Every structure is written in C-alpha cells, then in structure tokens.
Amino acid sequence: MSQIEHHPTQETLLSYAAGSLPASLALVVGCHLQYCQQCRSGVSAGEALGAGLMVALSPQALSSRARESVLARLDEQGADEFIQEPKSVLVSRPQGSVPRLLQGLLQQDNLDALPWKRTIAPGLKQIVLNCGEGDVRLLRISAGKKMPVHSHGGSELTMILRGGYSDNVGKFNMGDVADLESSVEHQPMADSDEDCICLAGMDAPLVFKGWLARLIQPIVGM
Ligand SMILES: [Zn+2]
C-alpha cells in the first residue's frame, strides 16, 4: 500500500463542504474522498465550521454573547484551527477500481469497456460525461504520450484512476488529485508502462497554448 500525496486544496475542500462547488468539480472531490481519510476529515471539519457559523449568525438561536465569542474565536484563529495542513499519512489507494460515485454515472465499473473516443491529439482518448453542471470527462493518455500544453479557463480538478503521469507540478499516481488554478500551464506525460486514465472536472474549457493547438481545440472538442 502506498500513499496518496496530492490532495485538493483546503479552499476546495471547504467549498465542497459548503456545497458551493460546481457538480463537475464536486464529483472529482467526492471520488477522492472515498480513498482519502485525511480529506474526509477536512470536509467534516469544514461542515462543522459552517454549521457553527450558521448558529453564530442566527440571533434567535444564540445569545449575542455566545455569538460574539464564536465570531471572535474565528477571527483570532481563522479556519486553520479547523482545517489542518495536509500531512503525509498512509491511506489506501484505489487498486485500479472505479470510485463508487463514478460507477453510478458510468453505469459500470470496467474502464476498458467504455466507448473511448479518439481526439485529434495523438495518444489522447476521452469520454465526455454529463453531470449536469460544468465539464467532466475521462481522459486516457497512452503510455509514454504527452497531452498538448494547456492552461485552464477556470479551475481544474483531476484524479488519477489508473497509471500515473508527470508534469511540471509533480508526479501523480492513482488516487492523487491535481488541483490547479487557471494560471497553471502544464503538459502531463503518462508513465511509460501503462495508459494513464484520469477523471477531469473543469468549470471552464481548457486553454491550449500555441496557434496549432488553438486551431485544433474546436476539432478536439475540449
Ligand atoms: Zn486527500
């Protein structure tokens, strides 16, 4: 058993706890939570924080003195008291399995049996999923191949379901989540020994770099 090393950011976990993530991003976080006790704890703490704030901000539910006490505590110590920095803890990785949430959307648990569609980018196949909000898709990067260099129009959350990839951000393996802001430009390259399959949720389309990539973007459909 090895470790999950890359997690959603604290801001992402808090947004998930508050129910304010678009469905495409919430799906990726939900899949990661199945395998990551550390982030489940973070979400629980965020929910408790939210519930505490609701109580504190409701004049009928709490005396003003108690309310001020809660608010003062939040003011002094912020959310950091509730959400701990990610630590390197031993957690179980998915053994090539499909997360339960995703199984519900796919209606099956065999990634190889899915109707993968070729894209114009060499070595890149995809399946566009419909989660009702935002853009979510499965990406399959052939072993040893690179995705086109791209950044993002908004937030992107990517969870590795099988294999692994490397980019300028780091090395990502099964269960890891890349939580990237729109300013991050990267070019994931799949490990050489097997295809890398990822679940990618976005709240805005990818932005490819270079005239050729921009030209093919509408054709690739990404
Ligand atoms: Zn995690």
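Here are the numbers for the structure shown:
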| quantity | calculated |
| --- | --- |
| Residue list for the range 177-189, restricted to those being part of a strand (DSSP E or B) and either touching a Lys or Arg at 6+ places or on another chain (Cβ under 6 Å) or more than 20 Å from D203 (Cβ to Cβ) (or both) | M189 |
| Extreme residue, modelled with the lowest pLDDT, among residues of the range 109-126 that are surrounded by 12 or more Cβ atoms within 10 Å (Cβ to Cβ) and not in a strand (DSSP E or B) | I120 |
| Subset of the range 39-48 that is touching a residue at least 12 places away in the same chain (Cβ under 8 Å) and under 15 Å from the mean Cα position of the chain (by Cα) - its residue that is nearest to the ligand (Cβ to nearest atom) | C39 |
| Test: residue in the range 22-44 that is hydrophobic (A, V, I, L, M, F, W, C) and modelled with pLDDT under 90 | no |
| The lone exception for S2 - which of (1) more than 16 Å from the ligand (Cβ to nearest atom); (2) modelled with pLDDT under 90 it fails | (1) |
| Qualifying positions in the range 28-53 - touching a strand residue (DSSP E or B) at 6+ places or on another chain (Cβ under 6 Å) and either surrounded by fewer than 22 Cβ atoms within 10 Å (Cβ to Cβ) or more than 16 Å from H6 (Cα to Cα) (or both) | none |
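Residues checked against (1) touching a helix residue (DSSP H, G or I) at 6+ places or on another chain (Cβ under 8 Å); (2) assigned to a strand (DSSP E or B); (3) outside the structural domain of P22 (by TED's automatic domain parsing):
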{"residue": "V128", "(1), (2), (3)": "no, yes, yes"}
{"residue": "E133", "(1), (2), (3)": "yes, no, yes"}
{"residue": "R137", "(1), (2), (3)": "no, yes, yes"}
{"residue": "P148", "(1), (2), (3)": "yes, no, yes"}
{"residue": "L157", "(1), (2), (3)": "yes, yes, yes"}
{"residue": "G175", "(1), (2), (3)": "yes, no, yes"}
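The values are calculated or read from the model by the stated rules, or taken from the named source; none is laboratory data. Note that the structure is a prediction, hence the values are computed from the model and not measured. Glycine gets a Cβ as well: all are built from the backbone with ideal geometry, and neighbour counts include every protein chain shown.
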